[in-house]
Amino acid sequence: MNSIREKAAAFILIACAANLFVSFGAHADVAVEKDSRIPTPAELTRLPAYCPHTQIISKRYGHQQSASNQDAVTKPFVKMYGKDFWHLHHYCFGLTAALRAEYQSSPADRQAELLKSINQYDYVITRVGPGSLILPELHMQKGLSLIKLKRGEEAVLQLKRAIQLNPDFAQSYIELSNYYADSGKKTLALQTLEEGLGVSPEAPNLKERYAKLGGTKTFAKPETPQQAATQPDQAGQAPRADEQIGSPTNPYCRFCP
């Protein structure tokens, strides 16, 4: 009798545990389903191509990706960003919040969405590696949200940080220049673009923005150290290595004034 009762009790316990497991799984899916941070299909079209393949977002749309389970579309993004990729759903959440701020009619709601975006950017900034490919973009986007919150000084620091991390990131120069121009600081706006063009003179977006602001300087691609070493000096063509210094064909004198 005791054995029957014990088996029955054990069966009930197992059944309850199974129900609890199923219930927990269901609640987990509901939590993802109701996560308001996740972009809608329409919003996804305005986000980076990798956003649908990040952790929580991919689960919401039925093709969950993880470090141990990646499809053929996701793998190139993981290769590009490394382990930092598994934090990028928060970056996508931040971009989504910034998008939503655009169509809020209430200033308070707009501010709330922008603050959400900054919180998400900060989450990623504090978790990716110091040399992460995504860091300059994170700082730039944070700067843009700060501009919209009228926190200009903080925004400038973020945009300059983006430039410092990647001097070739043309969009950071443009956004900083736009802020200066909108603030009535045209000289600083032009100087910012000139700094960018000094690094990337062929960047079409920098050239276009510079021309629209009335910039007139021209910029050439910087010489590499190897190119500089092969250029003739002011006295004429550089001597060949096999020519003796002081000969008729090599009048250079390393000690002469």
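Around PRO39, with a cut-off of 15 angstrom between Cβ atoms, what is the net charge of the other residues, counting Lys and Arg +1 and Asp and Glu -1?
Result for the neighbourhood of PRO39: +2.
How do 207-213, 93-99 rank on mean C-beta neighbours within 10 Å, highest first?
By packing density, highest mean first, the sequence is 93-99, 207-213.
Debye calculation, C-alpha points only, no solvent: report log10 I(q)/I(0) for the range 56-153 at q = 0.12, 0.21 Å⁻¹, in the same order as the q values.
For the requested q values the scattering log ratios are -0.44, -1.04.
Can you give the net charge of the other residues whose Cβ lies under 12 Å from the Cβ of GLN65, counting K and R as +1 and D and E as -1? Before the final figure, lay out each step's value.
Details: positive: LYS59, ARG60, LYS75; negative: ASP71.
So the environment of GLN65 carries a net charge of +2.
Ordering GLU202, GLU194 from largest to smallest accessible area (1.4 angstrom probe), what's the sequence?
Putting GLU202, GLU194 in descending order of accessible area: GLU202, GLU194.
Rank by packing, highest mean first: peptides 168-176, 119-127, 40-48, with packing defined as the count of other Cβ atoms within 10 Å averaged across residues.
Output ranking for 168-176, 119-127, 40-48: 168-176, 119-127, 40-48.
Is there a pair in LYS148/LYS186; LYS59/LYS148; LYS148/LYS207; LYS142/LYS212; LYS59/LYS83; LYS186/LYS217 whose C-alpha atoms are over 22 Å apart, and which pairs would that be?
Numbers: LYS148/LYS186 19 Å; LYS59/LYS148 32 Å; LYS148/LYS207 25 Å; LYS142/LYS212 26 Å; LYS59/LYS83 18 Å; LYS186/LYS217 15 Å.
Too far apart for the 22 Å limit: LYS59/LYS148; LYS148/LYS207; LYS142/LYS212.
The values are calculated or read from the model by the stated rules, or taken from the named source; none is laboratory data. If you're wondering where the values come from, they're calculated on a predicted model, not measured in any experiment. All Cβ positions, even for glycine, are placed from backbone atoms using ideal geometry, and neighbour counts span all protein chains on display. Quick note on the areas: whole protein, heavy atoms, side chains included, nothing else; ligands and nucleic acids left out. Shrake-Rupley method; radii C 1.70, N 1.55, O 1.52, S 1.80 Å.
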